[in-house]
Each structure stands twice: as structure tokens, then as C-alpha cells.
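Below is one structure, written out as C-alpha cells; comments come after it.
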Amino acid sequence: MASKTVNIKDVAHLAQVSTATVSRYLHGELNRMAPATAQKVAAAIDKLNYVPNAAARQLITNTSKTIAVIVVNAADSFSTALFKGVCSVLEPEGYIPALLDTDSSQAKEKKLINSVGLSTYDGLILQPLGSDVATIKEEVRRQMPIITLDRNLDYSPWPQIISNNFDISQKAARYFYQQGFQDIIVLTSPIAIASTRQQRLAGLKSVYQQINLIEIDENHYEHHHIITELRQILKNSSKKTLIFGIKERWLLEFLPELISLGLLKDNNIQISGFADTQLVPAIWPGAKMINQHPWQMGKQAGIQILQLINKKSDISPTTIIPANF
């Protein structure tokens with residue numbers, strides 16, 4: 001026969017106190033009872049091996065102490081560093097951040113946002129794949145604290161934390177153009193989906209009138225096909241050429257093979273792009289990268305989501321965590 005589940009009434013009976021007293025103890029309100037009473041409740045909980053029902057506690061407190069963190073792709077170091085930054089703030093405050101990965105799928109992003117809206121999360125930190133405020137509103141369905149990251153959303157009702165994508169891309173492009181790199185190859189995930197990519201490309205285009213753009217579907221691409229395209233462009237170019245990764249992942253994906261094929265052995269090729277780690281310079285020591293700060297962005301998101309939960313109203317609508325070159 002299955003053993004009887006221990007409940008709060010059993011604890012109260014054994015400790016010879018009211019269920020309200022046990023509830024106060026479980027919520028840390030020890031200042032509302034005598035030390036001896038608290039010791040009796042603790043002893044009863046220990047003896048009965050009582051585990052509080054999380055769902056019941058949520059109904060009482062109207063809080064789950066969990067925050068959803070939706071990222072574009074957990075395979076990217078940017079997203080994982082961002083999540084760690086969030087954790088550095090929320091975990092010491094007793095919150096549990098839950099990492100949800102859209103895997104660069106707009107359909108999956110919509111499902112995850114909808115699921116968060118229907119669940120008991122206390123807030124949402126969102127790195128949107130796209131930049132559609134109306135879609136996010138439609139899917140989240142309820143009023144809840146929301147912070148968005150890494151995307152510039154037009155007419156956003158939520159505080160957003162972004163980087164200086166256009167300015168820093170333009171600065172890097174000017175530097176390399178002045179160094180004589182007149183041709184540029186840009187490796188990127190699809191541009192039309194994300195404002196971040198659009199701003200970075202616009203910064204490059206403000207300097208380079210002609211760009212060899214290679215757009216790569218994150219979930220459906222052939223490595224060999226991209227390498228063949230890169231080889232052909234480099235073969236046909238007689239000028240100093242810059243290979244620029246709008247996303248670090250693509251430099252890490254293709255740079256080792258370009259080196260092994262001997263395509264980068266002269267001084268006419270340079271490597272640059274956005275970086276979240278030091279891996280690209282480790283592979284190609286001459287690389288000069290744009291360094292992002294996803295951990296800091298995540299930390300700031302954690303700070304701001306707590307401010308929203310505590311109903312603080314003095315939060316800046318836009319916070320810029322600048323990348324540097």
C-alpha cells in the first residue's frame with residue numbers, strides 16, 4: 001500500500017501549533033514566532049521528512065521565484081555567457097533562471113514565449129530572434145515583467161539592453177579600409193531576421209560600397225559549399241581582402257579549414273568580426289576582433305528584471321553595453 005503523503009496539517013499536529021504558524025515558518029517569517037516554536041516546527045518537518053508543495057506555495061505567495069531566459073541559440077557562446085550574467089544576479093536573490101533555447105527557429109520562439117506566458121514564471125528575459133513587438137505581445141498574453149536583449153525593437157514597451165552595433169562596425173570597417181583592405185567578405189546568419197545583423201551590415205556598408213555577402217542558414221547549410229564559395233571569391237580577388245564574421249560562430253566554423261588549405265598564408269588576407277571569446281585570435285593570432293560583452297548584458301538584464309518585479313519605475317528604456325574594437 002502506498003505511503004500517505006505528509007502535508008502541512010501533519011506537521012502542525014506533531015509540532016502542536018497551527019497550520020498558519022507552519023506556513024509562516026516555511027516563508028521565513030521567524031520574527032513572528034518564538035524561537036522555541038520555530039525549533040518545534042523544524043523538528044517536526046525533519047521527523048516527517050516533509051517537502052512543501054511548490055504549486056501550493058505559488059498559490060499562496062503568487063510567485064514562483066523562477067525567471068524564463070529565452071536565447072536565440074544556446075550553441076553560441078554569446079547566449080551562454082548572457083545566461084551566466086543573468087544567473088550572477090538572480091541566483092543570490094533566490095530566483096532560479098530557466099534557460100530556454102529557440103535554436104534559431106522563429107516558430108520555436110513563438111511557442112516558447114507562449115509557454116512562458118501560460119506558465120507561472122515571475123518574469124521573462126528575452127533575446128528575440130526577430131524584432132516583432134506585436135508578435136511577442138500576442139504570444140506572451142499576460143502582463144509580466146519583460147526585458148529584451150541584443151535586439152533594437154521599435155516602439156518597444158519593455159526596457160531593452162543593446163550594443164552599439166552600427167557604430168562599432170563602421171569603426172572597424174574604416175580601420176581596415178584605411179589599412180588597404182579594399183575587398184570584404186561577410187559571413188553571417190540571415191540578415192533580414194535580426195535587427196542586430198542589419199545594423200552591423202549597415203555599418204560595414206557605410207564604408208564598403210561592394211560587399212561579398214555569404215548568408216548561412218544556421219540549421220541547414222553545407223560546410224563544403226561555403227568553403228567552395230570562399231575559395232572562389234579569394235581566388236578572383238587581386239586586392240587585400242577582409243573576412244568579417246558578423247557572428248563569431250562562422251569564423252570558428254570555417255577559419256581552421258581556410259588555414260589548412262593555405263588560403264590565408266599571405267598578408268593580403270585579414271580576419272575580423274564580432275567575438276564573445278578569445279578563440280578566433282587563438283586560431284589566427286593576427287585577427288583584430290570586435291569584443292562584445294554578453295555577460296555584462298545578462299547581468300544588467302538580471303538587475304532590471306528584479307527592478308520590474310519590485311515595481312521600480314526609474315528604469316531606462318534603453319541601456320547600451322558598448323562593444324569595443
Exercise. Working carefully through the options GLY262, GLY286, GLY302, find the one that is under 30 Å from GLY94 (Cβ atoms) and not hydrophobic (A, V, I, L, M, F, W, C).
Key: GLY302
Practice problem: Consider only pairs whose beta carbons are under 8 Å apart and that are at least six residues apart or on different chains; among these, list those whose first residue lies in the range 250-262 and is under 15 Å from HIS225 (Cα atoms) and whose second residue is among the aliphatic types (A, V, I, L, M) and surrounded by fewer than 16 Cβ atoms within 10 Å (Cβ to Cβ). | Solution: LEU255/ILE283
Quiz prompt | Qualifying positions in the range 101-138 - surrounded by fewer than 22 Cβ atoms within 10 Å (Cβ to Cβ), of a type in the set (A, V, I, L, M, F, W, C) and farther than 17 Å from PRO157 by Cα | solution = ALA107, LEU112, LEU118
Quiz item: Assuming LEU187 fulfils every condition listed in (1) more than 23 Å from the chain's Cα centre (by Cα); (2) within 21 Å of ILE168 (Cβ to Cβ); (3) outside any helix (DSSP H, G or I) apart from one, which condition is it?
Solution: (1)
Self-check item: Residue list for the range 134-164, filter: more than 17 Å from GLN304 (Cβ to Cβ) and assigned to a loop (DSSP other than H, G, I, E, B)
Solution: ARG141, ARG142, ASP154, TYR155, ASN164
Quiz prompt | Which listed residue is aliphatic (A, V, I, L, M), over 19 Å from ALA75 (Cα atoms) and within 17 Å of the chain's Cα centre (by Cα), from VAL86, VAL133, VAL140, VAL116 | solution = VAL116
Self-check item: Residue among VAL22, VAL11 that alone is over 40 Å from the mean Cα position of the chain (by Cα) and closer than 24 Å to GLY94 by Cβ
Solution: VAL11
Exercise. Scan the range 304-321 and give yes if some residue there is within 20 Å of ASN165 (Cα to Cα) and open to solvent by less than 40 Å² (accessible area, probe 1.4 Å), otherwise no.
Key: yes
Exercise. Could you tell me which of the residues ALA282, ALA301 is within 28 Å of the chain's Cα centre (by Cα), part of a helix (DSSP H, G or I) and buried (at least 20 other Cβ atoms within 10 Å of the Cβ)?
Key: ALA301
Quiz item: Just a yes or no: is a residue in the range 246-260 in a loop (DSSP other than H, G, I, E, B), under 23 Å from LEU126 (Cβ atoms) and open to solvent by less than 50 Å² (accessible area, probe 1.4 Å)?
Solution: yes
Quiz item: If you take the residues of the range 289-302 that are touching a strand residue (DSSP E or B) at 6+ places or on another chain (Cβ under 8 Å) and touching a residue at least 60 places away in the same chain (Cβ under 8 Å), which of them is nearest to LEU264 (Cα to Cα)?
Solution: ILE290
Quiz item: Name the residues in the range 26-42 that are within 25 Å of GLY94 (Cβ to Cβ) and either open to solvent by 60 Å² or more (accessible area, probe 1.4 Å) or among the acidic types (Asp, Glu) (or both), would you?
Solution: HIS27, GLU29, LEU30, ASN31, ARG32, PRO35, GLN39
Practice problem: Return yes when ARG231 is basic (Lys, Arg), buried (at least 19 other Cβ atoms within 10 Å of the Cβ) and part of a helix (DSSP H, G or I) and no when it is not. | Solution: no
Quiz item: What helices (runs of 4 or more DSSP H) lie completely within the range 49-129 and have 2 or more residues being modelled with pLDDT under 95 and within 30 Å of GLU253 (Cβ to Cβ)?
Solution: 77-90, 106-118
Quiz item: Which of the residues spanning the range 7-24 are assigned to a helix (DSSP H, G or I) and either of a type in the set (Lys, Arg) or open to solvent by less than 60 Å² (accessible area, probe 1.4 Å) (or both)?
Solution: ILE8, LYS9, ASP10, VAL11, ALA12, ALA15, ALA20, THR21, VAL22, SER23, ARG24
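The values are calculated or read from the model by the stated rules, or taken from the named source; none is laboratory data. Here the structure is a predicted model, which means the values were calculated and not measured. With ideal geometry, Cβ positions are generated from the backbone for all residues, glycine too; neighbour counts draw on all protein chains shown. SASA here: full protein model, heavy atoms, side chains in, ligands and nucleic acids out. Shrake-Rupley method; radii C 1.70, N 1.55, O 1.52, S 1.80 Å.
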